[in-house]
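Visitor: First the structure, then my questions, so here it is.
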Amino acid sequence: MGHAVADDEGAGVASSDVDVVVVGAGFSGLYLLHRLRQLGFTTVVFDTASDVGGTWYWNRYPGARCDIPTTDYSYSFDPELERVWTWSEKYATQPEILSYLRFVADRYDLRRDIVFSTRVESAAWDESAARWRVRTDDGRELRCRFYVMASGCLSLPKAPEIVGHDRFRGATYYTSRWPHEGADFSGLRVAVVGTGSSGIQSIPLIAAQAAELTVFQRTANFSIPARNGQPAAERLTALESDRDAYREAARRSRGGVPGDVTEVAGAYASDEVRRARFESAWEAGELMEILGVFNDVMLSSTANDVIAEMIREKIRSVVVDPETAETLCPKDHPFGSKRPCLDTNYFQTYNLPHVRLVDLRRDPIVTITDSGIDTASETFDFDAIVYATGFDAMTGPIVAVDITGRDGLSLREKWTDGPSTYLGLTTVGFPNFFTITGPGSPSVLSNMAVSIEQHVDWVADCLEHLRARDLETIEPTPLAETGWNQHVDDGASITLYPTADSWYMGANVPGKPRAFLPYVAGVDTYRAACDEVVDRDYLGFRLSGPAGSECNDGVIRRLQVDVAKVLEFMAELELPPMELMSVGDARAFMAITESARPPGPTVGETVDGTLAGAAGDLPYRLYRPATQGPHPMVAYFHGGGWVLGGLDSDDPLCRDLCVRSDAVIVSVGYRHAPEARFPAAADDAFAAVQWIAAHAEELGGIPDELVVAGWSAGANVAAVACQLARDAGKTHIAGQVLLTPVVDAAMDRPSYVENAEGYVLSAALMRWFWDHYADPADRGHPEASPLLGNLSNLPPALVVTAEFDPLRDEGAAYADALATAGVRVHHLAARGHIHTSLTMVDVVLSGADIRAQMSDVMRSFFRTTVPA
Ligand SMILES: Cc1cc2nc3c(=O)[nH]c(=O)nc-3n(C[C@H](O)[C@H](O)[C@H](O)COP(=O)(O)OP(=O)(O)OC[C@H]3O[C@@H](n4cnc5c(N)ncnc54)[C@H](O)[C@@H]3O)c2cc1C
């Protein structure tokens, strides 16, 4: 053991009544203690370890290193500290990181407020005193105003779930509780169980000593060569030339490490581009590089498959025995969905004659015996067994303490079905309680040094704010917490993360609820949310004190994560508002944006043709499914405010609907304003519907199986066409599908006011569209405002509205009015979406689920059973 620490260290804490109790003296607890002390809060820190360091105190196995470059995996709060400490390697070893944390503890004289070798067992909120009562395993009880779990995400080892693991008479080691005196495997027969990060780091070094090494692998993991050595010259130069800018770039980055964010989508890049980008990331030997090799690595299975296969190729090229190579190739989870590893000669180790791999999927462990391991088909004798079996991550260390909040609420019980937090920092029912890098924050998906500093600063600033305002307690509101949980889930649900049985999902611990624990949208996005909460008077928190309580209740992030990213991207482009452009410029601009987007899915075939409109031929594009026809049909009308758009503008959406609904889609190029004003578009739509119905058979469709659909202004003319068809009584329409429709020229509903600006379709732009399309006197006509028409006996309808759309309330009003008129209506309210986002196929991934629901309803309109 290194630094000797007397048991009574921490005796600097004389009082049993302090401002703050902190659990954990790792990266988090040390910085928190330093900050709180600077602010004058009396603080005591407890740790079960006998010294500082947390992760780096416990994980002393051979080969233990960080896997974020140490230039970045360091504190940034004190430039002086950065100046006096120099890392010797690109990825420092555990002893070096531990020395660093001890150096920090000494430099800021932290040990006097830390009580080592002491476990916090319970913490209970005492409502009458507005204080926590904290108990430790040595019988101490402290009262404190604030209680902080800086207890680590990966600090509670997971017990090996293997029968008989306590029966073995040889030496047993756990990577996360490695003996301080080390272990010598020379001449021994050694087993390593587990091939996660710790297994992958330690196996080459154990193999170098052992007489025989047998590795028991349940899941093959992705690992890339660390290429350790001197700290990367580019990073050092950037850091040394402008430390502040470098650290700020880390804080504003996706993963907490400065680096360029690529715009290359792996799903669409050429093979050459994919290969070149992959090889360069492979050479860099950095996790964030390989995870960011394409912008859709964790979003698109096509992109992910590309990179996963390239890594498998690398494994096959290293491992000589083809069967061992295949067993080492990860195939049961997307790359990145389990934490990828960095290694030094891991795969090469399997070429050594005394190293053997046992695939537990084929030959599971039946029991540990007193002399070794019995698998289903073999008996192994060992002198030593090393368990590298991972952690009960993120929530484990928190609920291991018996934490009781307001009204006796147990945190363990509150989180039975998964954690529920506000910002990953706080939770309802537990006033003045904070978790550093808690579930629902970027934590383990980021460079944790950056995430830890951000959380510590947030908590310290919060305590200072309360003190300055003479407030005693802070607690999130149910509304804010529910909103945050939703946001965290929404973010995860569009990624590939939930598809893997990972510790990110709690899947490695039997009985643990499945929930995606970290926040995926990046440290930059996350920090912005935390800062905004503060700027908006602690939005979503109730702050109370002797003078009363204050609360600005609300939800901090209501837009879907990917919708917000699109809006941010557009804001950065600083485009002029479309309503200030000429019609020609606006159309030219649309054409440019169309050329830069993903093409949408492949359909059986597309056919361009012409059909008879109200005043002459109109172009159409037909999309035929790849399945055997004839198919039901959809007459589709594109969006664009009657002014813009065309067959190309909605092409990806039409492809998507074609594939999902297994129907022929006929997209109609109706006439546009201002060249052809009201009612030209509506008349064309009605004529086109009649023409398509009449030509169903020759188009490969099923007669009478026709749905009329459209988006925005296209949904306007679709709705009008349905009313005109009903009046004419000739054409049977099976259903109408109206995606964020314009149905009324009255632009004064609340959604127009709330969403007047900032969500692509602005109130001003909608006015511009109306002005081009119809004279004010005509706008009340049912062929312009179908909401004002006769709604009885119309075909069943699906109305989709988007939450952040000026048109939301008129769409909802149309759904209500149809229902009142006796029409069968489905109203799908797309939470967190804007007017355009549902049509952004393969860009706004959260729209896919809505389109899937749309297609399900559309199928239900057809009488013919369409195969799913
Ligand atoms: C092997 C390994 C390698 C890693 N490498 C990286 C990396 O390269 N980059 C990166 O960003 N992250 C890495 N991590 C994650 C790492 O945990 C964090 O970077 C960071 O060290 C966490 O610091 P912390 O202070 O929040 O928690 P920890 O370091 O885990 O410290 C928490 C402390 O709390 C104590 N504790 C917990 N419960 C109690 C209790 N009830 N009573 C008393 N004490 C308690 C524990 O004993 C522990 O010492 C790695 C993790 C592991 C396990």
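The values are calculated or read from the model by the stated rules, or taken from the named source; none is laboratory data. Note that the structure is a prediction, hence the values are computed from the model and not measured. So basically every Cβ, Gly included, is an ideal-geometry build from the backbone, and we count neighbours across all protein chains shown. Protein only, heavy atoms only, side chains kept; ligands, DNA and RNA dropped before computing areas. Shrake-Rupley method; radii C 1.70, N 1.55, O 1.52, S 1.80 Å.
Visitor: Within the chain, how many Lys pairs sit with Cα atoms under 27 Å apart, leaving out pairs fewer than 8 places apart on the same chain?
Guide: Here the count comes out as 13.
Visitor: Hey, got the Cα dimensions of the range 478-604 along the principal axes, in Å, largest first?
Guide: 62, 48, 22 Å, listed from the longest principal axis down.
Visitor: Right, something else. When every alpha-carbon pair in the range 451-494 is counted, what percent end up more than 14 Å apart?
Guide: Summing the P(r) tail past 14 Å for the range 451-494 gives 66 percent.
Visitor: Go from 0 up to the bin containing the longest alpha carbon distance in the chain, width 20 Å each, and give me the % of pairs per bin.
Guide: 14, 39, 31, 15, 1
Visitor: Would you please give the residues with an amide H less than 5 Å from that of LEU342, counting only those at least 5 places away or on a separate chain, with H modeled from the backbone geometry?
Guide: Placed amide hydrogens put ILE224 under 5 Å from LEU342.
Visitor: Taking only the alpha-carbon positions of the range 167-212 and ignoring solvent, what does the Debye formula give for the base-10 log of I(q)/I(0) at q = 0.14, 0.18, 0.20, 0.21 Å⁻¹?
Guide: Calculated log10 I(q)/I(0) at the listed q: -0.33, -0.55, -0.69, -0.77.
Visitor: With the contact rule set at Cα under 8 Å and sequence spacing of 6 or more, what percent relative contact order holds for the range 781-821?
Guide: 39
Visitor: Quote the relative contact order of the chain in percent (integer), defining contacts as alpha-carbon pairs under 8 Å separated by 6+ residues.
Guide: It rounds to 10 percent for the chain.
Visitor: Would you kindly compute the Cα radius of gyration of the range 116-197 and its largest Cα-Cα separation (Dmax), both in Å?
Guide: In order Rg, Dmax, the Cα atoms of the range 116-197 give 19.4, 63 Å.
Visitor: While we're looking at this one, here's another question. Which three extents, in angstrom, do the Cα atoms of the range 168-272 have along their principal axes, listed largest first?
Guide: In descending order, the Cα extents are 54, 37, 21 Å.
Visitor: Amide H of LEU357 versus every other amide H placed in the peptide plane: which residues, excluding those fewer than 5 positions away on the same chain, fall under 5 Å?
Guide: VAL215
Visitor: In addition: Local charge sum around LYS331 (other residues, Cβ-Cβ under 11 Å, Lys/Arg +1, Asp/Glu -1)?
Guide: Counting the neighbours of LYS331, the net charge comes to -2.
Visitor: Can you list the HN-Hα couplings for the range 488-504, worked out from phi with the Karplus curve (6.51, -1.76, 1.60; θ = phi - 60°), rounded to whole Hz and with x for Gly and Pro?
Guide: Those phi angles translate into 4, 5, 4, x, 5, 5, 8, 9, 8, 3, x, 7, 9, 7, 10, 6, 4 Hz.
Visitor: Then there is this: When the Karplus curve 6.51 cos²θ - 1.76 cosθ + 1.60 is applied with θ = phi - 60°, which whole-Hz ³J(HN,Hα) does each residue of the range 160-168 get, with x for Gly and Pro?
Guide: Along the range 160-168, the couplings run x, 8, 10, 4, x, 5, 8, 8, 4 Hz.
Visitor: Another one. Can you give me the long-range amide H partners of LEU798? Hydrogens built in the peptide plane at 1.01 Å from N, cutoff under 5 Å, separation of 5 or more residues or another chain.
Guide: So LEU798 has HN proximity to GLN736, VAL737, LEU738, HIS826.
Visitor: Answer rounded, prolate or oblate for the range 581-621, using the Cα gyration tensor with square roots of eigenvalues a ≥ b ≥ c: rounded when a/c is under 1.5, else prolate when a/b is larger than b/c, else oblate.
Guide: oblate
Visitor: Additional query: On the principal axes of its Cα set, how long, how wide and how thick is the range 229-340? Give whole Å, largest value first.
Guide: In descending order, the Cα extents are 50, 33, 26 Å.
Visitor: Which percent of the accessible area of the chain is formed by carbon and sulfur heavy atoms (probe 1.4 angstrom)?
Guide: Numbers: 16580 of 32960 Å².
Whole-percent figure for carbon plus sulfur exposure: 50.
Visitor: Given 4 °C and 1.567 mPa s, compute D for the range 605-758 with the Stokes-Einstein relation, Rh being the Kirkwood radius over Cα pairs; round to the nearest whole µm²/s.
Guide: The estimated diffusion coefficient comes to 84 µm²/s.
Visitor: Write down the Kirkwood hydrodynamic radius of the range 563-653, to one decimal in angstroms, obtained as one divided by the mean of 1/r over all alpha carbon pairs.
Guide: When all Cα pairs of the range 563-653 are included, the Kirkwood radius is 15.8 Å.
Visitor: When Lys and Arg each count +1 and Asp and Glu each count -1, what net charge do the other residues less than 14 Å away from ALA812, Cβ to Cβ, add up to? Walk me through the numbers before you get to the answer.
Guide: Numbers: positive: ARG749, ARG808, ARG831; negative: ASP744, GLU754, GLU803, ASP805, ASP809, GLU810, ASP816.
With Lys, Arg at +1 and Asp, Glu at -1, the net is -4.
Visitor: Right, next: Report the net charge of residues surrounding GLU475, where surrounding means a beta-carbon distance below 9 angstrom and charges are Lys +1, Arg +1, Asp -1, Glu -1.
Guide: Net of charged neighbours comes to +2.
Visitor: While we're on this one: Work the Kirkwood hydrodynamic radius out for the range 715-815: mean of 1/r over every pair of different alpha-carbon atoms, inverted, in Å.
Guide: 13.9
Visitor: Give a residue-ordered list of calculated ³J(HN,Hα) values for the range 653-665 (Karplus: 6.51 cos²θ - 1.76 cosθ + 1.60, θ = phi - 60°; whole Hz; x for Gly, Pro).
Guide: 5, 4, 4, 4, 5, 4, 5, 5, 9, 6, 10, 6, 9
Visitor: Quick check on the range 327-434: what does the Kirkwood estimate of hydrodynamic radius come out to from the alpha carbon pairs, in Å?
Guide: Kirkwood hydrodynamic radius for the range 327-434: 18.6 Å.
Visitor: Over the range 355-472, with the other protein chains present, what is the accessible area per residue in square angstrom, probe 1.4 angstrom?
Guide: 32
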